[in-house]
1. Find the percent of Cα-Cα distances in the protein assembly as shown that exceed 33 Å, and round it to a whole number.
2. For the pairing of chain A with chain B, what total accessible surface becomes buried, with a 1.4 angstrom probe, in square angstrom to the nearest 100?
3. Considering chain A as a Gaussian network with a 10 Å cut-off on Cα pairs, which listed residue, A:Ile16, A:Ile158, A:Ile77, attains the greatest mean-square fluctuation?
4. Sort chain A into rounded, prolate or oblate with this rule: let a ≥ b ≥ c be the square roots of the eigenvalues of the Cα gyration tensor; rounded if a/c is under 1.5, and if a/c is not under 1.5, prolate when a/b is larger than b/c, oblate otherwise.
5. Per residue of A:132-143, count partner chain C-beta atoms within 10 Å of its C-beta, then hand back the mean as an integer.
6. Could you work out the relative contact order of chain A? I mean the mean sequence separation of Cα pairs under 8 Å and 6+ apart, divided by the number of residues, in percent.
7. Shielding of A:68-75 by partners, i.e. mean partner chain Cβ atoms within 10 Å per residue?
Amino acid sequence: MAEIVFKWIVFFIASILSIFSSVMMVTRKNPVHSALWLVVTFISLAVLYFLLNATFIAISQVIVYAGAIMMLFLFVIMLIHLEKGPEEIGKMTVSRIFAVVLTVLLFVEILVGVYFYRAWTVKPEPMPFGDPKTVGKLLYTKYLFPFEIASVLLLVGIIGAVVLAKRRKM
Amino acid sequence: MKEYLGILIIILLSSLVAILIVGISYFLGERKPKKVKLLPYECGMTTIGPSRRRISVKYYIFAMLFLIFDIEVLFMYPWAVITKDLKLFGFVEMFIFIVILLIGYFYVWRKGALEWE
(Lines give C-alpha, C1' and ligand atoms only; values in the text may rest on other atoms or scores of the structure.)
Protein backbone atom coordinates (compact mmCIF):
# COMPACT_ATOMS: atom_id res chain seq x y z
CA MET A 1 0.00 0.00 0.00
CA ALA A 2 2.75 2.42 1.00
CA GLU A 3 4.58 1.62 -2.21
CA ILE A 4 1.55 2.46 -4.36
CA VAL A 5 1.08 5.80 -2.59
CA PHE A 6 4.79 6.52 -2.96
CA LYS A 7 4.66 5.72 -6.68
CA TRP A 8 1.65 8.00 -7.10
CA ILE A 9 3.46 10.86 -5.40
CA VAL A 10 6.52 10.36 -7.61
CA PHE A 11 4.33 10.14 -10.71
CA PHE A 12 2.48 13.30 -9.75
CA ILE A 13 5.65 15.31 -9.18
CA ALA A 14 7.37 14.01 -12.34
CA SER A 15 4.39 14.55 -14.65
CA ILE A 16 3.65 18.08 -13.35
CA LEU A 17 7.35 18.92 -13.59
CA SER A 18 7.62 17.61 -17.15
CA ILE A 19 4.64 19.68 -18.34
CA PHE A 20 5.78 22.77 -16.46
CA SER A 21 9.36 22.57 -17.71
CA SER A 22 8.31 22.01 -21.32
CA VAL A 23 6.03 25.08 -21.15
CA MET A 24 8.93 27.03 -19.65
CA MET A 25 11.21 25.73 -22.40
CA VAL A 26 8.89 26.97 -25.15
CA THR A 27 8.27 30.38 -23.61
CA ARG A 28 11.85 31.41 -22.68
CA LYS A 29 13.37 34.17 -24.81
CA ASN A 30 16.97 33.14 -24.18
CA PRO A 31 17.69 29.93 -26.14
CA VAL A 32 20.21 28.73 -23.55
CA HIS A 33 17.53 28.96 -20.85
CA SER A 34 15.20 26.91 -23.08
CA ALA A 35 17.90 24.28 -23.43
CA LEU A 36 18.32 24.07 -19.66
CA TRP A 37 14.55 23.69 -19.17
CA LEU A 38 14.63 20.92 -21.76
CA VAL A 39 17.13 19.08 -19.53
CA VAL A 40 14.55 19.22 -16.72
CA THR A 41 11.92 17.84 -19.12
CA PHE A 42 14.18 14.96 -20.15
CA ILE A 43 14.99 14.03 -16.57
CA SER A 44 11.36 14.09 -15.45
CA LEU A 45 10.52 11.88 -18.47
CA ALA A 46 13.23 9.50 -17.26
CA VAL A 47 11.46 9.31 -13.91
CA LEU A 48 8.22 8.43 -15.74
CA TYR A 49 10.05 5.64 -17.61
CA PHE A 50 11.26 4.34 -14.25
CA LEU A 51 7.69 4.18 -13.01
CA LEU A 52 6.75 2.14 -16.11
CA ASN A 53 9.49 -0.38 -15.14
CA ALA A 54 11.52 0.54 -18.23
CA THR A 55 14.68 1.18 -16.25
CA PHE A 56 17.13 0.76 -19.11
CA ILE A 57 15.21 3.31 -21.20
CA ALA A 58 15.25 5.66 -18.21
CA ILE A 59 19.01 5.33 -17.81
CA SER A 60 19.62 5.86 -21.53
CA GLN A 61 17.29 8.87 -21.44
CA VAL A 62 19.53 10.47 -18.83
CA ILE A 63 22.84 9.46 -20.42
CA VAL A 64 22.04 10.11 -24.09
CA TYR A 65 19.31 12.79 -24.10
CA ALA A 66 20.04 14.82 -20.97
CA GLY A 67 23.77 14.34 -21.49
CA ALA A 68 24.97 14.08 -25.05
CA ILE A 69 22.06 15.40 -27.12
CA MET A 70 21.56 18.42 -24.86
CA MET A 71 25.23 19.23 -25.28
CA LEU A 72 24.75 19.02 -29.04
CA PHE A 73 21.77 21.42 -28.76
CA LEU A 74 23.87 23.88 -26.77
CA PHE A 75 26.62 23.68 -29.38
CA VAL A 76 24.12 24.37 -32.16
CA ILE A 77 22.74 27.37 -30.20
CA MET A 78 26.27 28.70 -29.96
CA LEU A 79 27.03 27.97 -33.61
CA ILE A 80 24.11 29.88 -35.12
CA HIS A 81 23.01 33.41 -34.54
CA LEU A 82 19.78 33.52 -32.61
CA GLU A 83 19.76 37.18 -31.73
CA LYS A 84 16.99 38.70 -33.77
CA GLY A 85 15.95 42.26 -34.07
CA PRO A 86 12.70 43.35 -32.37
CA GLU A 87 10.94 43.68 -35.75
CA GLU A 88 11.25 39.96 -36.41
CA ILE A 89 9.58 38.86 -33.16
CA GLY A 90 5.82 38.37 -33.43
CA LYS A 91 5.73 38.59 -37.22
CA MET A 92 3.40 36.24 -39.11
CA THR A 93 5.48 34.46 -41.71
CA VAL A 94 4.38 31.54 -43.90
CA SER A 95 6.70 29.10 -42.15
CA ARG A 96 5.35 30.11 -38.73
CA ILE A 97 1.72 29.58 -39.79
CA PHE A 98 2.73 26.23 -41.28
CA ALA A 99 4.46 25.28 -38.02
CA VAL A 100 1.38 26.14 -35.96
CA VAL A 101 -0.91 24.11 -38.25
CA LEU A 102 1.48 21.16 -38.15
CA THR A 103 1.77 21.30 -34.35
CA VAL A 104 -2.00 21.37 -33.89
CA LEU A 105 -2.39 18.44 -36.32
CA LEU A 106 0.21 16.35 -34.48
CA PHE A 107 -1.41 17.14 -31.13
CA VAL A 108 -4.84 16.07 -32.45
CA GLU A 109 -3.20 12.89 -33.74
CA ILE A 110 -1.82 12.13 -30.26
CA LEU A 111 -5.25 12.72 -28.70
CA VAL A 112 -6.94 10.44 -31.26
CA GLY A 113 -4.29 7.78 -30.62
CA VAL A 114 -4.78 8.02 -26.85
CA TYR A 115 -8.53 7.67 -27.30
CA PHE A 116 -8.54 4.75 -29.74
CA TYR A 117 -5.87 2.67 -28.01
CA ARG A 118 -7.41 3.42 -24.59
CA ALA A 119 -4.03 4.53 -23.24
CA TRP A 120 -5.38 5.05 -19.73
CA THR A 121 -5.96 1.30 -19.32
CA VAL A 122 -2.34 0.36 -20.14
CA LYS A 123 -0.49 -1.16 -17.19
CA PRO A 124 3.30 -1.29 -16.88
CA GLU A 125 4.94 -4.61 -17.62
CA PRO A 126 6.01 -6.57 -14.50
CA MET A 127 9.37 -5.79 -13.00
CA PRO A 128 12.20 -7.69 -14.74
CA PHE A 129 10.86 -6.55 -18.13
CA GLY A 130 12.88 -3.45 -18.80
CA ASP A 131 15.91 -3.61 -16.55
CA PRO A 132 19.42 -3.76 -18.07
CA LYS A 133 19.77 -7.49 -17.37
CA THR A 134 16.71 -8.53 -19.38
CA VAL A 135 17.50 -6.08 -22.16
CA GLY A 136 21.06 -7.37 -22.30
CA LYS A 137 20.01 -11.02 -22.37
CA LEU A 138 17.80 -10.37 -25.41
CA LEU A 139 20.11 -7.91 -27.13
CA TYR A 140 23.25 -10.05 -26.92
CA THR A 141 21.68 -13.39 -27.85
CA LYS A 142 18.44 -13.16 -29.83
CA TYR A 143 18.94 -9.71 -31.35
CA LEU A 144 22.68 -10.04 -31.86
CA PHE A 145 22.60 -9.02 -35.53
CA PRO A 146 20.72 -5.72 -34.99
CA PHE A 147 23.23 -4.93 -32.24
CA GLU A 148 26.19 -5.40 -34.56
CA ILE A 149 24.39 -3.43 -37.28
CA ALA A 150 24.02 -0.59 -34.75
CA SER A 151 27.80 -0.29 -34.68
CA VAL A 152 27.82 0.10 -38.49
CA LEU A 153 25.15 2.82 -38.08
CA LEU A 154 27.36 4.62 -35.55
CA LEU A 155 30.29 4.27 -37.98
CA VAL A 156 28.21 5.98 -40.67
CA GLY A 157 27.44 8.70 -38.11
CA ILE A 158 31.16 9.25 -37.43
CA ILE A 159 31.95 9.51 -41.15
CA GLY A 160 29.00 11.85 -41.70
CA ALA A 161 30.13 14.16 -38.90
CA VAL A 162 33.66 14.32 -40.30
CA VAL A 163 32.49 14.92 -43.88
CA LEU A 164 30.10 17.70 -42.76
CA ALA A 165 32.25 19.58 -40.30
CA LYS A 166 35.81 19.00 -41.49
CA ARG A 167 37.18 21.63 -43.80
CA ARG A 168 38.64 19.99 -46.88
CA LYS A 169 42.27 20.68 -47.59
CA MET A 170 42.66 22.73 -50.73
CA MET B 1 12.06 -1.45 -8.00
CA LYS B 2 13.49 -1.37 -4.47
CA GLU B 3 17.10 -1.63 -5.61
CA TYR B 4 16.69 1.69 -7.41
CA LEU B 5 15.82 3.49 -4.18
CA GLY B 6 19.51 4.35 -3.91
CA ILE B 7 19.19 6.55 -7.00
CA LEU B 8 16.42 8.56 -5.34
CA ILE B 9 18.51 8.98 -2.20
CA ILE B 10 21.50 10.15 -4.26
CA ILE B 11 19.32 12.62 -6.21
CA LEU B 12 17.89 14.04 -2.98
CA LEU B 13 21.28 14.22 -1.26
CA SER B 14 23.04 15.83 -4.21
CA SER B 15 20.30 18.42 -4.72
CA LEU B 16 20.38 19.14 -0.99
CA VAL B 17 24.14 19.71 -1.14
CA ALA B 18 23.75 21.93 -4.23
CA ILE B 19 20.99 23.98 -2.58
CA LEU B 20 23.03 24.27 0.62
CA ILE B 21 26.18 25.44 -1.18
CA VAL B 22 24.35 28.10 -3.18
CA GLY B 23 21.97 29.00 -0.34
CA ILE B 24 24.59 29.43 2.39
CA SER B 25 26.76 31.66 0.23
CA TYR B 26 23.65 33.61 -0.78
CA PHE B 27 22.57 34.32 2.79
CA LEU B 28 25.97 34.72 4.43
CA GLY B 29 27.82 36.45 1.60
CA GLU B 30 27.98 40.20 1.42
CA ARG B 31 26.79 41.89 -1.76
CA LYS B 32 27.37 45.50 -2.69
CA PRO B 33 26.48 45.71 -6.38
CA LYS B 34 27.84 48.67 -8.29
CA LYS B 35 27.46 49.50 -11.94
CA VAL B 36 31.09 48.71 -12.68
CA LYS B 37 30.89 45.40 -10.83
CA LEU B 38 27.92 44.22 -12.89
CA LEU B 39 29.51 45.02 -16.25
CA PRO B 40 30.78 42.07 -18.32
CA TYR B 41 34.51 41.75 -17.83
CA GLU B 42 36.75 41.48 -20.84
CA CYS B 43 40.45 41.98 -20.10
CA GLY B 44 39.69 45.23 -18.33
CA MET B 45 38.35 46.87 -21.47
CA THR B 46 34.81 48.00 -22.21
CA THR B 47 33.05 45.32 -24.26
CA ILE B 48 32.66 46.06 -27.95
CA GLY B 49 29.85 44.60 -30.07
CA PRO B 50 27.47 41.74 -29.18
CA SER B 51 28.73 39.41 -26.49
CA ARG B 52 27.31 36.33 -28.16
CA ARG B 53 29.50 35.72 -31.17
CA ARG B 54 29.29 32.88 -33.64
CA ILE B 55 31.54 30.01 -32.71
CA SER B 56 33.53 27.95 -35.21
CA VAL B 57 31.94 24.80 -36.63
CA LYS B 58 35.05 22.94 -35.47
CA TYR B 59 33.46 22.54 -32.05
CA TYR B 60 30.50 20.72 -33.59
CA ILE B 61 32.58 17.72 -34.68
CA PHE B 62 33.69 17.14 -31.10
CA ALA B 63 30.07 17.25 -29.93
CA MET B 64 29.04 14.76 -32.63
CA LEU B 65 31.89 12.37 -31.85
CA PHE B 66 31.12 12.57 -28.14
CA LEU B 67 27.49 11.68 -28.85
CA ILE B 68 28.47 8.65 -30.92
CA PHE B 69 30.94 7.23 -28.42
CA ASP B 70 28.44 7.97 -25.65
CA ILE B 71 25.97 5.65 -27.37
CA GLU B 72 28.73 3.05 -27.68
CA VAL B 73 29.22 3.15 -23.92
CA LEU B 74 25.46 2.89 -23.44
CA PHE B 75 25.49 -0.37 -25.41
CA MET B 76 28.24 -1.62 -23.11
CA TYR B 77 26.11 -1.11 -20.02
CA PRO B 78 23.62 -4.03 -20.38
CA TRP B 79 26.51 -6.11 -21.72
CA ALA B 80 28.59 -5.43 -18.62
CA VAL B 81 25.69 -6.50 -16.37
CA ILE B 82 25.43 -9.97 -17.91
CA THR B 83 28.96 -10.47 -19.24
CA LYS B 84 29.55 -13.39 -16.83
CA ASP B 85 26.56 -15.30 -18.23
CA LEU B 86 27.55 -14.67 -21.84
CA LYS B 87 31.10 -16.00 -21.31
CA LEU B 88 33.41 -15.97 -24.37
CA PHE B 89 30.52 -15.41 -26.81
CA GLY B 90 29.70 -12.07 -25.23
CA PHE B 91 33.35 -11.08 -25.29
CA VAL B 92 33.63 -11.85 -29.02
CA GLU B 93 30.48 -9.96 -30.01
CA MET B 94 31.48 -6.88 -28.02
CA PHE B 95 34.94 -7.17 -29.59
CA ILE B 96 33.41 -7.05 -33.09
CA PHE B 97 31.22 -4.10 -32.07
CA ILE B 98 34.20 -2.14 -30.78
CA VAL B 99 36.41 -3.04 -33.75
CA ILE B 100 33.81 -1.60 -36.15
CA LEU B 101 33.72 1.62 -34.13
CA LEU B 102 37.51 1.60 -33.90
CA ILE B 103 37.62 1.75 -37.70
CA GLY B 104 35.61 4.97 -37.43
CA TYR B 105 37.93 6.25 -34.73
CA PHE B 106 41.00 5.66 -36.89
CA TYR B 107 39.21 7.28 -39.84
CA VAL B 108 38.64 10.40 -37.75
CA TRP B 109 42.23 10.31 -36.59
CA ARG B 110 43.67 9.87 -40.10
CA LYS B 111 41.47 12.66 -41.45
CA GLY B 112 42.99 14.95 -38.86
CA ALA B 113 39.60 15.87 -37.45
CA LEU B 114 40.90 15.63 -33.89
CA GLU B 115 43.53 18.27 -34.60
CA TRP B 116 42.98 21.93 -33.97
CA GLU B 117 44.16 24.02 -36.88
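1. 44
2. 4700
3. A:Ile158
4. Details: a/c = 1.93, a/b = 1.19, b/c = 1.62.
The shape class here is oblate.
5. Working: counts 6, 4, 3, 5, 12, 5, 1, 5, 12, 6, 0, 0.
Mean partner shielding for this stretch: 5.
6. So the answer I get is 19 percent.
7. 4
The values are calculated or read from the model by the stated rules, or taken from the named source; none is laboratory data. From a predicted model like this one, the values you see are computed outputs, not experimental measurements. Every residue, glycine as well, gets a Cβ built from its backbone with ideal geometry; the counts of neighbours run over all protein chains shown. Heavy atoms of the whole protein, side chains included, go into the accessibility calculation; ligands, DNA and RNA do not. Shrake-Rupley method; radii C 1.70, N 1.55, O 1.52, S 1.80 Å.
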